[in-house]
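Since the structure comes first, as structure tokens, the remarks are kept for the end.
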Amino acid sequence: MKTNFINWRLFFVCTFLAISIFTIFYKIILVQVEDSIFLQNEGKKRYIKYRNINPIRGSIYDRNNFPLAISIINYDLYALKGLNNDKYLKLKDLININNDLSIKDSFLKKTLLKKNLTAEEQKIINSLNLDNVEIEVRHSRHYPLGEQIATLIGFYGKDKAQEGLEKSYDSVLSGQAGRQKYFVNAKKRIISKPIEVKKITPGEDIVLTIDSTIQFYAYKYLAEAIAKNKAKAGTVLVFDNKKGEVLAIASYPSYNPNNPSRSIQKNRALIDAYELGSVLKPIVFSRAVDENIINPDEYMEIPRRLQLENKMIIDTKNYEKLTPKEIIAYSSQVGASMIALELGYQNLKDNYYNFGFSKPISVNFPAAAFGLINTKEAVSERELASLGYGYGFTVSPCQNFYFSALSCLKYHTIRLLVQ
């Protein structure tokens, strides 16, 4: 009798081998057809390197194109991982590296060897054709006027723009970084010229209305006056009244922006705010003249004292009679109060707004102060009188100096930048 015997074990082994061979061939075909582009790109990535190229930061100039903030290109030498001790010692002898580095066999990480290489030193390094050294380009910021204008210009350092116009105009000055592609060999050495992937956009320059000569003398005499009078701080502003331009803004104390360990000081002319005082009197009178409440040349009876509620307003002298012009000249508190009371709160408040009080000054400066007006629905006679001679709201020193210099018949915009 014939028996049909099937070797199931042999059958399963052969079937498994057949499926495995089929799978391997299928995977080979799949890699060649579907994944070839992806794998080729991944392989190329091992031989392609990208590098961001930082743009040169724009400069800041005064009205006569004198540099107030400029970028300087520096070249620094770095040892890369793998640079052995023999090559390092040879390099050290040729270009006079001052760093006392102790290494056993080779560098274990990227290390700064020397900053601010000269053109001759760069030629020497390039002629050695070393694999594990790199020259990096670094931009540093320099401020020719130093502390004389530091509180206005600010500074730019490792932590980017931190203060002043460097910060407020950072987007204009910074530009856009570029990007380059290089091909490297198996030893990671560059074997091609850089290929531009993204074009670099250099930062734009800005020109101020500031005059560096006037700024120099403004700060010089301010510092001398502070020392002579044993004061703590002070401010000087110089304007071109006709053009509405700032020629100098000096603030003391200041700091040296070129010193990495600088101690930052605020710009008191643009950041501080305080009550205006008697400078405001011509502003009040301008509205009173417009409303025909007073005649600039007509005499007014001026008592020595003016009682308003529980407050007594007193002049330093008994003037008896003064014209509005003389009220300004002698700074009569009583006379200014009488005109403010005749003018009324709404007229007084509207006039302040029309002159630009309570609005930020048009100098684009970080945290610049602006006026704050008492905006109650109604005020007492005592409060109205104090508003008439400059108390009850605040302005920045920049506004105060500017209004002092004007004829006070119309408001001019303060311009710091001309382009």
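Quick notes
- Members of segment 89-111 found to be among the charged types (D, E, K, R) and part of a helix (DSSP H, G or I), listed by number: LYS90, LYS92, ASP93
- Residue match in segment 203-225 (condition: part of a loop (DSSP other than H, G, I, E, B), among the acidic types (Asp, Glu) and modelled with pLDDT under 85): no
- Hey, GLU120 of a type outside the set (Ser, Thr, Tyr) and not in a helix (DSSP H, G or I) or not: no
- Residue match in segment 131-145 (condition: over 30 Å from LEU270 (Cβ atoms) and small (Gly, Ala, Ser)): no
- Qualifying residue in segment 132-144 (condition: surrounded by fewer than 15 Cβ atoms within 10 Å (Cβ to Cβ), free of Cβ contacts under 8 Å to residues at least 24 places away in the same chain and of a type outside the set (Lys, Arg)): no
- Filtered residue count, segment 143-174, keeping only those that are within 16 Å of TYR255 (Cα to Cα), of a type outside the set (D, E, K, R), more than 8 Å from the chain's Cα centre (by Cα) and modelled with pLDDT of 90 or more: 9
- Number of positions in segment 58-88 that are open to solvent by less than 40 Å² (accessible area, probe 1.4 Å) and in a strand (DSSP E or B): 9
- Output for segment 288-337, where each listed residue is within 17 Å of ALA385 (Cα to Cα), modelled with pLDDT of 85 or more, open to solvent by less than 50 Å² (accessible area, probe 1.4 Å) and not in a loop (DSSP other than H, G, I, E, B): ALA288, MET300, ILE302, LEU306, ILE313, PRO324, ILE327, GLN333, VAL334, GLY335, ALA336, SER337
- Any pair with Cβ under 8 angstrom, 6 or more apart, that starts in segment 252-277 at a residue that is part of a loop (DSSP other than H, G, I, E, B) and ends at one that is hydrophobic (A, V, I, L, M, F, W, C) and open to solvent by 70 Å² or more (accessible area, probe 1.4 Å): TYR255/ILE264; ALA273/PHE370; ALA273/LEU372
- Test result for ALA150, surrounded by 13 or more Cβ atoms within 10 Å (Cβ to Cβ) and without any contact (Cβ under 8 Å) to a residue 40 or more places away in the chain: no
The values are calculated or read from the model by the stated rules, or taken from the named source; none is laboratory data. Quick caveat, the model's predicted, so the values are computed rather than measured. All Cβ positions, even for glycine, are placed from backbone atoms using ideal geometry, and neighbour counts span all protein chains on display. These accessible areas exclude ligands, DNA and RNA; they are computed on the full protein's heavy atoms, side chains included. Shrake-Rupley method; radii C 1.70, N 1.55, O 1.52, S 1.80 Å.
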